[in-house]
Amino acid sequence: MQSYEVGSKNNFNNRFRLASSIYYIKWHNIQQTVLPPVCQISWIQNLGEAVAKGADIQADWLVTPSLTAEFAAGYTDARYSRPRVMSAPTPACCPLPRRAMPLWDKAASPAHLLRYR
């Protein structure tokens with residue numbers, strides 16, 4: 001596997017934090033459990049090569065001393081770049097998907113700190 005990542009973490013006055021990164025990953029001989037829908041007998045096999053590239057960002061904002069707002073988003077483009085023909089007895093029942101995962105992911109949430117005296 002070859003993995004490259006560049007990122008940054010920033011803190012502005014302890015009220016706003018921002019973290020971001022971009023990455024590129026290249027996998028060789030991916031080991032994956034294969035479970036065909038027909039025979040239900042699984043095995044582990046090297047399934048070729050894949051490339052993943054993407055970016056993510058996370059922000060935390062201290063709105064008040066007891067209220068924080070958080071936001072995170074990520075983008076991933078992961079694909080098999082060179083699938084390997086499976087050596088199982090029923091290879092036709094298990095084609096490899098070209099895209100391995102969803103492209104976008106996001107989340108946002110508030111957090112309120114309760115103080116007990």
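The values are calculated or read from the model by the stated rules, or taken from the named source; none is laboratory data. What you see is a predicted model; the values in this text were computed from it and never measured. Reconstructed Cβ throughout: ideal geometry from the backbone, glycine too, with neighbour counts over all protein chains shown.
At a glance:
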{"read-out": "Search result, residues across the stretch 63-86 that are over 22 Å from residue 105 (Cβ atoms), of a type in the set (A, V, I, L, M, F, W, C) and surrounded by fewer than 16 Cβ atoms within 10 Å (Cβ to Cβ)", "value": "63, 67, 85"}
{"read-out": "Selection within the stretch 2-38 - among the hydrophobic types (A, V, I, L, M, F, W, C) and either on the phi > 0 side of the Ramachandran plot or in contact with a helix residue (DSSP H, G or I) (Cβ under 6 Å, 6 or more places away or on another chain) (or both)", "value": "38"}
{"read-out": "Considering residues of the stretch 1-40 that are among the small types (Gly, Ala, Ser) and surrounded by 11 or more Cβ atoms within 10 Å (Cβ to Cβ) only, the residue farthest from residue 52 (Cα to Cα)", "value": "19"}
{"read-out": "Residue ranges of strands (runs of 3 or more DSSP E) in the stretch 13-117 with at least 2 members at pLDDT below 85 and under 21 Å from residue 2 (Cβ atoms)", "value": "31-34, 67-83"}
